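The values are calculated or read from the model by the stated rules, or taken from the named source; none is laboratory data. As the structure is a prediction and not an experimental result, all values here were calculated from the model. Glycine also receives a Cβ, built like all others from the backbone with ideal geometry; neighbour counts cover every protein chain displayed.
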Amino acid sequence: MEFESQSGTTYYYDNEIGIAFPSHPLLKKMIAATPLHKEEISVAGDDEDFLFYSRFLEKLNKIRPKRNTPRKHTITADEVKSMVLREGMIQMTLGVTEDCNLRCRYCIFSDVYTLSRNRSRNVMDFPTAKKALDYYMSLFLEGREYNPLRRPSIGFYGGEPLLNFDLIKKCVQYLKTAYPELDFHFSVTTNGTLLTKEKEEFLKEHGFYISISIDGPKEEHDRNRVYPNGKGTFSDVIKNANRLIASGYDRCNAICVFDWKSNIFDLEAFFSRPDVPKLSIISSPAKQGGCTYFSQFSEEDFKAFKNTESRAFQYYLEHAAHDMDSHSFFSKFFSLFASRSLYSVPVLVPREQTALPYSGTCVPGRKIFVDCQGNFHPCERINQFFPTGNVQFGLDFQRIAGIMNEYLEHLDSCNSCSISKTCGFCYTQFAQKGCFDYASDICKDVEDFKKIDYSRTFTIGENHPHLLDVTVKDYYSWLSKISPTLGD
Amino acid sequence: MYFRLNPECYYIKGDQQGAIYDLIEGDVYALSPEESRKIDASEDNCAVDPADPFLRELKQRVVGNFYEKKVFIEKLRLGSPIVEYQEGLPPVLMRAVLEIGNHCDRSCWYCGSHGISRSRGCFGCNIWDEKGTPVDINRWKELIDELHSLQCQALFIKGGDLTKEWEKTQEILEYANKQFTSVFVIGHMNHFSKEACDYLENKANLILQTDSISDIGTRHHYLLTTDYQKSHELSGNLPTNVIVDMVSRNFDPLQPDSPLNSKKKILKTNLGQFTHNNKLHPCLANSITITWNGEVLPCPMMRKQSLGNIGDRKLWTFFRGAEDSIQKFWNISLNSLNKCSKCEFRYTCTDCRALEVAKTGDLYSKVLCNYDPSKGTWQQPAA
């Protein structure tokens, strides 16, 4: 794949090795194995260039992984169990309620997502939670022999989990009594409206990692995050978030969702305030199967957003190195968003012979999401049609193997994809009602988007050679302290 | 015009000057202070003189190139740097040394029982003047199971004369063979009869200890032990199946050109080693030793650095905890040693913690090195 930075420099992305480097007409011809004529060499460069590029390519070829055909292999239940014992179980997340006191307009459990469940009055009871936790702990204890460095990690999710706060308290107290020798990670993802002083004190006492959904200043936040009567929630959320920050508690962070009507300059100003939790994740509403949220936007809305984004990028380039810290909205939006392509790519690590040769997906069981009825799912993001077990019988490794095998069968275009190593897609992008879409349908525009990411990343690097390294290091070392499983 | 190092070439700064590491060709270029300043500036995307002979030479060596505009060079690396921030990844255990015995009738001058410091004693056979109850055979088998669960890559079985308890050795080896494809057996070459060698050949890779160059053959690996003052006699044409083990009775006086403290410590670089040495100790990392009496050590030669005994503990428990886990030793990267952290060769240099501790008693000392990074000079041998 070739792409151009803003300055007009062309780069070539080498998918076998996993890095991009400045291109050159001679290099391009050599890579394409096109015979070179003397006249072409003198037009495109000189003898020195010819020697340099031919020897540079020789060097790269010394480390180029052999092109392997992906193994034709059916994943078995035993293999899944072995992978889960060694690298799985990084978190069990309890969906303690399907109810919510808000009606956010992009909520994945609202009518704009036709494939996911809707909000309901269902709540998890303690016997179900206890069974789930007991199963997780039995697997965790069995797995210590395979991976002694894992810590037990329990997340609480909803709906709005603080609606079932008594259950959260009971779970924490149960675990601490039953396993006093273990050091648990606890986390909660909340809309922030119910975070009273009393609840805050309990969460702080037990070292919870608290993620609060805040979409920016009042006018941005209240556009989508509203109560059932349509009233905005900003003033209630920010009051609670401000109090938490003022108390000096540092294990809290903000999750921000933007869309084509967001003014990202306002978001930059808002998230730079010291009384607002630092941003951990920025995302647009999930564009997965059955999403109708984006149909409300016109072509003009999209163009206007892109124009603002371009202006913001120029602003970022001018100010990034001097007066912008790596936690700012723009740092996350530009450096981190784009550089994920760069830094998450497993350079020089051939994956063709592994169980999951393509995409960036996990082995279900890496995380375990438990719904109110006690069914297990691969995570909180995928729809409910891919259960992986339940509290009664535990993880169903046979079924997980089946999900993985079917998923791999649908990755029909990955073998010829020029950017397969950069892929971060997982089950959620392909999931339909219990089956998967084909990559050849889902990934049509992926290369174009990737070119935009790479162009932006390399433009930042041309202007500030060390900025990406510093930003990525700052962000991930901070993230590992404030929420160890959030970035996974 | 701009000049940038290639993706595979890293500029590493020292206190006074820097070095360029070519991670594909393996070359390490030591730069002068002036050359270092030029690379410092060019790597910051400052304009350069395209006629500069130093930069032109680097282009000829395919280390870097000139560009008309500012470019971004994505550096070649191994894996993803984001992974290192993920909590709870399983430990990577490359090798485990199982010291299954502590008996020998020989009295080699270089044996560990004499308190001798050896640069590669870890690959040799030793016995130790130590107290304790020998680990029984069933516990050794359990340990092999536990190492398999931890996905350990290779087993090194040693411990004095393994033929002294030949049946036990055979049983452990048979058991190890069921779970491990990479097994090494270490002993003195006179320990093993032809029959024993034939038997072992089908079960393990043999590393034979000797102090006589005339013993070296072609069928096995050899550990050739020599006094460091005679080591120069060996340099040059040793076959690739020979590891040289240098012995020093009291370290002093070490000649400035000794392989233990001179430029000879610096190896060719490569991507794997460079990545590893950035975060971990060049030798101790990814390794664990269990002694004949069950002590868990970071290295067979670091007898006083026990993390505890496997008698009443599962092996995985030695991987947990900040201060009393094996990772405490694995994480002693040269970056974390005061003197080395200022040295531009820190990611390509060798280091033996066992020798340093034997000489100074300090786990974090660095005395076996003649380079002074604050001056950028090596101590020269006397004329």
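Looking across segment B:27-55 at every residue that is within 11 Å of chain A (Cβ to nearest Cβ) and surrounded by 15 or more Cβ atoms within 10 Å (Cβ to Cβ), the one that is nearest to the chain's Cα centre (by Cα) is identified as B:E43.
Evaluation of A:Y358 against the conditions (1) hydroxyl-bearing (S, T, Y); (2) surrounded by fewer than 19 Cβ atoms within 10 Å (Cβ to Cβ); (3) closer than 28 Å to A:T428 by Cα shows that the sole unmet condition is (2).
Within the set of pairs 6+ apart or on separate chains, which have a first residue in segment A:319-347 that is under 18 Å from A:T308 (Cβ atoms), a second that is at pLDDT below 75, and C-beta atoms under 8 Å apart? Sorted first by the residue in segment A:319-347, then by its partner, the pairs are A:F330/A:M324; A:S331/A:M324. On the given criteria, is A:V80 over 30 Å from A:P277 (Cβ atoms), touching a helix residue (DSSP H, G or I) at 6+ places or on another chain (Cβ under 9 Å) and surrounded by 22 or more Cβ atoms within 10 Å (Cβ to Cβ)? Spelling it out, A:V80 is indeed over 30 Å from A:P277 (Cβ atoms), touching a helix residue (DSSP H, G or I) at 6+ places or on another chain (Cβ under 9 Å) and surrounded by 22 or more Cβ atoms within 10 Å (Cβ to Cβ).
All of A:E48, A:E58 fail the test of being in contact with a helix residue (DSSP H, G or I) (Cβ under 8 Å, 6 or more places away or on another chain), within 14 Å of another protein chain (Cβ to nearest Cβ) and either under 30 Å from A:T459 (Cβ atoms) or modelled with pLDDT under 95 (or both), apart from A:E48. Screening B:G79 with (1) crowded, with 20+ Cβ neighbours inside 10 Å; (2) on the phi > 0 side of the Ramachandran plot; (3) within 23 Å of the chain's Cα centre (by Cα) gives one miss only, at (1).
In summary, B:Q16 fulfils each of the numbered conditions (1) farther than 27 Å from A:I19 by Cα; (2) surrounded by 22 or more Cβ atoms within 10 Å (Cβ to Cβ) with the single exception of condition (2).
Considering segment A:1-10 alone, what residues qualify as being in contact with a strand residue (DSSP E or B) (Cβ under 9 Å, 6 or more places away or on another chain) and more than 8 Å from chain B (Cβ to nearest Cβ)?
Residues satisfying the conditions are A:M1, A:E2, A:F3, A:E4, A:T10.
Total residues in segment B:311-360 satisfying the condition of being part of a helix (DSSP H, G or I) and either under 20 Å from the mean Cα position of the chain (by Cα) or within 14 Å of another protein chain (Cβ to nearest Cβ) (or both): the figure is 22. Screening A:F186, A:F156, A:F140 for residues that are surrounded by fewer than 22 Cβ atoms within 10 Å (Cβ to Cβ) and part of a strand (DSSP E or B) leaves exactly one candidate, A:F186. A:R399 fulfils the conditions (1) within 30 Å of A:T471 (Cβ to Cβ); (2) surrounded by fewer than 20 Cβ atoms within 10 Å (Cβ to Cβ); (3) at pLDDT 90 or above except for a single criterion, (1). Considered as a group, the residues in segment B:143-164 that are within 22 Å of B:A196 (Cα to Cα) and outside any helix (DSSP H, G or I) include one that is farthest from the other protein chains (Cβ to nearest Cβ), and that residue is B:D161.
Conditions tested, residue by residue: (1) modelled with pLDDT under 95; (2) under 21 Å from A:Q91 (Cβ atoms); (3) of a type in the set (A, V, I, L, M).
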position: A:K303; (1), (2), (3): no, no, no
position: A:Y316; (1), (2), (3): yes, no, no
position: A:F337; (1), (2), (3): yes, no, no
position: A:Y343; (1), (2), (3): yes, no, no
position: A:L356; (1), (2), (3): yes, yes, yes
position: A:V370; (1), (2), (3): no, yes, yes
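Looking at segment A:405-488, the helices (runs of 4 or more DSSP H) lying wholly inside it that each contain 2 or more residues that are small (G, A, S), on the phi < 0 side of the Ramachandran plot and surrounded by 14 or more Cβ atoms within 10 Å (Cβ to Cβ) sit at A:439-442, A:446-463. Among the residues here, B:V92 qualifies as assigned to a loop (DSSP other than H, G, I, E, B) and closer than 30 Å to B:K265 by Cα. Looking at this structure, is A:A320 closer than 20 Å to A:L468 by Cα and touching a Ser or Thr at 6+ places or on another chain (Cβ under 9 Å)? The answer is yes for A:A320. Filtering segment B:89-141 to residues that are among the hydrophobic types (A, V, I, L, M, F, W, C) and within 14 Å of chain A (Cβ to nearest Cβ) leaves B:L89, B:V92, B:L93.
In segment A:242-270, the residue that is surrounded by the fewest Cβ atoms within 10 Å (Cβ to Cβ) out of those that are in a strand (DSSP E or B) and aliphatic (A, V, I, L, M) is A:I255.
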